[in-house]
Amino acid sequence: MDNLMEKLNEKEKNRQGASNSWRPEPGEALEGIVEKIGDTITEFGDQSYIELATGMGKVVVWLNSILQEQVDKEDVKRGDHIAVKFVGFKNSKKGNRKYKDYVLVKEG
């Protein structure tokens with residue numbers, strides 16, 4: 001029972017931290033140390049995120065499929081120093097929708 005309550009408290013804490021969400025303009029970049037990689041439930045459903053310790057404090061970066069693929073490819077883990085750049089909006093291959101394009105690099 002305690003484990004379930006811990007999970008509930010953790011999800012609540014993550015939701016409260018959403019006010020620190022990174023909402024970049026095209027060309028904007030963010031650099032920091034990965035403090036947490038996780039999943040939570042938002043008003044839009046299940047969502048993966050990375051929490052970074054930056055010069056501006058803790059910032060949550062929500063992972064779309066583009067960023068998630070790069071996190072996996074770079075094998076990003078807690079404690080890693082990373083930089084993320086929001087390139088801008090790109091058209092899908094079929095051209096029927098736009099998506100947010102990012103570039104992620106890891107130190108080392």
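Where a number appears in this text, it was derived from the coordinates with a stated rule and is not lab data. Computed from a predicted model, the values in this text were never measured in an experiment. Heads up, the Cβs are rebuilt from the backbone with ideal geometry, glycines too, and the neighbour counts pull from every protein chain shown.
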### Message
Taking 2.2 N^0.38 Å as the expected size of a compact globular protein, what ratio does the Cα radius of gyration of the chain give against it, to two decimals?
### Response
1.13
### Task
Would you mind checking Lys7/Lys98; Lys58/Lys94; Lys11/Lys73 for any pair whose Cα atoms are more than 29 angstrom apart?
Lys7/Lys98; Lys58/Lys94
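Can you compute the charge dipole magnitude of the chain about its Cα centre, using +1 on each Lys and Arg Cβ and -1 on each Asp and Glu Cβ, nothing else charged? Give it in debye, rounded to the nearest 20.
On the way: 18 positive and 19 negative charges, 110 e Å.
It comes to approximately 540 debye.
For the chain, what does the relative contact order come out to in percent, with C-alpha contacts under 8 Å and a separation of six or more? Write down the numbers at each step before the final one.
Values: 178 pairs, mean separation 27.6, N = 108.
26 percent.
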### Query
Along the positive direction of the dipole of the chain (beta-carbon charges: Lys, Arg +1; Asp, Glu -1; about the Cα centre), which of Ile41, Gly27, Val84 reaches farthest?
Gly27
### Query
Against the longest alpha carbon principal axis of the chain, how many degrees, from 0 to 90 and to the nearest 10, is the axis of helix 2-16 turned?
40
### Task
For every helix of n ≥ 4 consecutive DSSP H residues, a contribution of -39,500 (n - 2.57) applies; sum these over the chain, divide by its total residues, and give [θ] at 222 nm rounded to the nearest 500 deg cm²/dmol.
-7000 deg cm²/dmol
